[in-house]
Amino acid sequence: MESSLFNLVQRYGSLSISGMCKNAGKTTALNSLVKNYPENETLALTSIGWDGEKTDTVTGTEKPGIYVREGSLFATSEKLLRSCDVTKEILETTGISTPLGEVVLVRALSDGNVQLAGPSIVVQLIGISKLFREHGASRTIIDGAVGRKTLCSRALAEATVLCAGASYSPSMEETIAEAAHMCSILTTAELPELKQQMGEGQPNGKYIIIGQENRHLPDEADILAEIKQSKAPRCLYIEGALTDSMLDPLVRSGLLREMKIATRDASRLLISRESSRKLKAAGGELAVLESINLAAVTINPYSAYGNHYHREMFMTRMKAAVPLPVVDVRE
Amino acid sequence: MLTHEQKNRIGFTYVLNQIRPASPYGRDALRSTQAACPGQEEVLRKELQNIAKTLKTLPQAQAAYAKLEQVFRQTKDIRSSIKRIGGQLSEIDLFEIKQFTLQLEEIAPAFDEINKSAKYHGIAIEGMGPALAILDPEESKVASFHISSRSFPLLAELREEKKSIERKLRLTPDGKKKAELLSQRSEVTAREQKEELEAALWLSKELKPWQDHLLQNTEAIGRMDLTMQKAKLASAGDACMPEITGEGISFTSMSNPQMENTLAEAGGQFTPLSLELKAGTTVITGANMGGKSVALKTLALNVLLIHCGFYPFAKKANCPLLDGIHMISDDLEAADRGLSSFGGEIVKLQEVLSEVREGKALMLLDEFARGTNPSEGGAIARGVCAYMSKQKAVTVMTTHYEGVAALAGAHYQVAGLRKIKDHQALSGELASTPVGERVAKIAGYMDYGLLHICAGEKLPKDAINICRMLGLQDEIISLINGQLE
């Protein structure tokens, strides 16, 4: 029997859900989770920013709301409160303002549909999670945005679910390849030595070359030259994002055979499939200071643009491509 | 009146920045602080007395004050919600108003306890039990808000119906039956929302009689908050309750927190200043490095503080309400107007004179006309001094020019090196000090206090003394002395 999404994530107290594109099935995944949580638990929901209107403005497909149970908590903005059809109890006004008004914390006094709109700044989201707990929430789910840049650190959510859908591309092959690439980036392993080497403090400059000695280098440093001068370099740590244009000269130099490239977490690894392939071919490896816990991949064979995939085939091929549990979340 | 830049220079902005009201209403009251005008003596006195009342009651009511500050800190500015009372209010408006009335339940008793003995002028914070009862019919006293169906039978009915549909929905698998239930639910929900809007409007109308009270409470909280902060400021420094009477201005041992702070950072200490000023001109003289400008700024600061309802930083203070405080110093004028510093001063003087002639004013002239040639500059300073001596305004001039003090009603001299008995010994000590550190060393010996000089009193030649101490060649010193004779 296939395990349900709920079974895969139920041990995590906090969870974030991200989509690889719009209409990837995030809301469907959220709804399937909400339905499955035990009734005696208080579930709290928020989102990173606001995802858009009830109807997707790009494609015109009807966007489902999230149907919560009585007693659930949620964060939304003043202006979206009207489109939530639960009976509401206002718990708190947070002072966090968004284009749609202040973020407010609400308890649902009945079952019903809610629209989420939380803050888009991580620190504020952490604050919201704290308020949720003060109001008795036992679990938090964060509706993430599209793309992996907001797939947040573990400070925010213990685990993450990635939603892959046919809306990404008319070609199933392309969608699966991209999903596999995202999974491989997101599951980049921690380099334990990194934590010891860095200690608690912030790095002193943008780069650290870890070798026989640790060298902290500023933004403008000529990294290739510095690596060549270093004794037995094992790892290049970058505070900030690693992009294709940064990676390319490193790959070409052939210096990466013995060296890893690391960032704070996987959300900073902004590299394309092509760069990732070249890196592998050159013998290079990525690492992170803090890994993200990717719990599952969900699939949605329906495309908002009309190119639906064959459900079983999509499932089988996705399973073969990613080393993670794959779940088909249907309505 | 003083410009924004001048308020920065005299240390007024610095003092205001020391004050951190706990509530948005207090911050608002601080922002809208304005200098009082002649005729408003009684109002100002009451405001100042409120500070005195706070200082007096603080020791025995510390807990109540702490409680006030703690709850003030939690308040939000909800005046826009209060102003909408009577019309359609949202659930969030109602939540905010309920939260405020709950906060008042904590604030009012603490305030009453203090006010029993303090008896504040014009500050009354009242509990709003009846308004709270409207928003909390179940008397739950929790801070959250929902539109209760207690007084709205139709709403109660709709919510019951909605619940029963939702219970069925939970047990119904996807399909036609479920779709049917969902559409029933939408229909009931739409009616529920309509009823809720009406209930909110009804609540809003019920609150209407309390609207003014709520607004008055926000204002009273602002005043109380600011008064408490002013008292805190007064007790942190050496401040006093000023007299607001008479024609003249007098301060005993006044200081300036910003300059105190700057001096403390450099390892020095501020010398308290005492001044007694009457209508007409008072001249302050003294060597460079002598703190004449400091005296002017400190005077301006404390006069302005009194006008704005703060305790001045002094042991004793007397100042009538003035129509204006004006300050002219060439470093400020030139930069603003692109004129030469001298031209700038003259233009500003003309502007100010028309105001000064009409009412009570304090005019501060810092080394007026120093930017032009000394013979004419001296004449200009003497002329202005003679003219201002006949005016109703209180004028204070600092100057280097000869003969100005003789035309003024009073003369103060910065004590400077006056108290040093043995210049020879100090010179000896300085001789062993590296040249670069000598100026700082002399500064350490300077007494920045002000001495009242009687007519005909001989003044020490501090400038020449400083030349000597800094080791200027004897030959030049004797030539200088020759020039003076």
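The values are calculated or read from the model by the stated rules, or taken from the named source; none is laboratory data. Every value quoted in this text rests on a predicted model; they were computed, and no experiment measured them. Backbone-built Cβ (ideal geometry, glycine too); neighbour counts: all protein chains shown. These accessible areas exclude ligands, DNA and RNA; they are computed on the full protein's heavy atoms, side chains included. Shrake-Rupley method; radii C 1.70, N 1.55, O 1.52, S 1.80 Å.
If each DSSP helix of 4+ residues adds -39,500 (n - 2.57) and the sum is divided by the residues in chain A, what number results at 222 nm, nearest 500 deg cm²/dmol?
Rounded to the nearest 500, it is -7500 deg cm²/dmol.
Sum up the charges of everything whose Cβ sits under 10 Å from the Cβ of A:Asp219, counting Lys and Arg as +1 and Asp and Glu as -1, but leave A:Asp219 out.
Charge balance in the 10 Å sphere: -1.
Could you tell me the total accessible area buried at the A-B interface, probe 1.4 Å, in square angstrom to the nearest hundred?
So the total buried area for this chain pair works out to about 1900 Å².
Quick one: dipole size for chain A, taken about the Cα centre, charges +1 on Lys/Arg Cβ and -1 on Asp/Glu Cβ, in debye to the nearest 20.
540 debye
Amide H neighbours of A:Leu109 under 5 Å, counting only residues 5+ apart in sequence or on other chains, H built in-plane at 1.01 Å?
Amide H neighbours of A:Leu109, under 5 Å, 5+ apart: A:Gly71, A:Thr87, A:Lys88, A:Glu89.
Would you tell me the mean number of C-beta atoms belonging to other protein chains that fall within 10 Å of each C-beta in A:86-95, as a whole number?
Partner-chain Cβ atoms within 10 Å, mean over residues of A:86-95: 6.
DSSP loop trypsin sites (Lys or Arg not before Pro) in the range B:114-199 with at most 11 other Cβ atoms within 10 Å of their Cβ, which ones?
Listed in order of number, the matching sites are B:Lys141, B:Arg150.
Once Lys and Arg get +1 and Asp and Glu get -1 on their Cβ, which of B:Leu353, B:Ala133, B:Gln6 lies farthest toward the positive end of the dipole of chain B?
Projecting each Cα onto the dipole axis, the largest value belongs to B:Ala133.
At 20 angstrom or more along the helix axis (alpha-carbon based) and mean Kyte-Doolittle of -1.0 or higher, what helices does chain A contain? Whole DSSP H runs only.
A:172-186
What percentage of the solvent-accessible surface of the range B:156-260, computed with a 1.4 Å probe over protein heavy atoms, is contributed by carbon and sulfur atoms?
Carbon and sulfur: 53 percent of the exposed surface of the range B:156-260.
Taking R0 as 45 Å, what's the FRET efficiency between B:Cys454 and B:Thr13 from their Cβ-Cβ distance, rounded to 0.05?
Efficiency at R0 = 45 Å is approximately 0.75.
Could you derive backbone 3J(HN,Hα) for the range B:276-287 from the dihedral phi with the Karplus parameters 6.51, -1.76 and 1.60 (θ = phi - 60°), listing whole Hz in sequence and x where the residue is Gly or Pro?
10, 10, 10, 4, x, 9, 10, 10, 10, 10, x, 5
List the residues of the range A:104-146 for which accessible area in the full set of protein chains is at least 40 Å² lower than for the chain on its own; 1.4 Å probe, protein heavy atoms only.
A:Asp111
Please label the shape of the protein assembly as shown as rounded, prolate or oblate, based on the square roots a ≥ b ≥ c of the eigenvalues of the alpha-carbon gyration tensor (a/c under 1.5 means rounded; beyond that, a/b larger than b/c means prolate, else oblate).
Since a/c reaches 1.5 but b/c is at least a/b, the shape of the protein assembly as shown is classed as oblate.
Which angle between 0 and 90 degrees, to the nearest 10, do you get for helix B:292-307 versus the longest principal axis of chain B when only C-alpha atoms count?
30 degrees
Apply the Karplus curve 6.51 cos²θ - 1.76 cosθ + 1.60, θ = phi - 60°, to the phi angles in the range B:315-326 and return the couplings in whole Hz, x for Gly and Pro.
Calculated HN-Hα couplings, in order: 7, 8, 8, 9, 7, x, 6, 10, 6, x, 10, 10 Hz.
Set the Förster distance to 56 Å, then compute FRET efficiency between B:Thr33 and B:Glu138 from the Cβ-Cβ distance, nearest 0.05.
Plugging the Cβ-Cβ distance into 1/(1 + (r/R0)^6) gives 0.85.
For the range A:169-316, with all protein chains present and a 1.4 Å probe, just round the carbon and sulfur fraction of the accessible area to a whole percent.
The C+S portion of the solvent-accessible surface of the range A:169-316 is 49 percent.
Under a Cβ-only charge scheme (Lys and Arg +1, Asp and Glu -1), can you give me the dipole magnitude of the range B:51-131 about the Cα centre, in debye to the nearest 20?
Using only the charged Cβ atoms, the result is roughly 320 debye.
Could you give the accessible area per residue of the protein assembly as shown, probe 1.4 Å, as a whole number in Å²?
46 Å²
If one computes the Cα centroid of the range B:192-267 and of the range A:66-137, what distance in Å separates the two points?
34 Å
Would you mind telling me the share, in percent, of accessible area of the range B:403-485 contributed by carbon and sulfur at probe 1.4 angstrom?
58 percent
³J(HN,Hα) across the range B:402-411 via Karplus (A = 6.51, B = -1.76, C = 1.60, θ = phi - 60°), whole Hz, x for Gly/Pro?
These are the phi-based 3J(HN,Hα) values: 6, x, 6, 4, 5, 8, 8, x, 8, 9 Hz.
Taking accessible area as the heavy-atom solvent-accessible surface of the protein chains with a 1.4 Å probe, which residues of the range B:116-158 lose no less than 10 Å² upon going from the isolated chain to the full protein assembly?
Flagged in the range B:116-158: B:Ser144, B:Phe145, B:His146.
Let me spell out the model: positive unit charges on the Cβ of Lys and Arg, negative unit charges on the Cβ of Asp and Glu, origin at the Cα centre of chain B. What dipole size does that give, in debye rounded to 20?
Value, rounded to 20: 880 debye.
If you rank A:Thr93, A:Thr243 by how much accessible surface each has, with a 1.4 Å probe, what is the order from largest down?
Sorted descending by solvent-accessible area, the residues read A:Thr243, A:Thr93.
Please go through the range B:120-166 and write out the GluC sites (Glu not before Pro) that DSSP classes as loop and that have at most 11 other C-beta atoms within 10 Å.
Loop-located and lightly packed - B:Glu138, B:Glu139.
Using only DSSP helix segments of four residues or longer, with each worth -39500 (n - 2.57), what per-residue ellipticity at 222 nm results for chain B after dividing by its residue count and rounding to 500?
Per the formula, -18000 deg cm²/dmol.
Which residue, chosen from A:Ala179, A:Gln196, A:Thr316, occupies the Cα position most advanced towards the positive end of the dipole of the protein assembly as shown, where the dipole is computed from +1 (Lys, Arg) and -1 (Asp, Glu) charges on Cβ about the Cα centre?
A:Thr316
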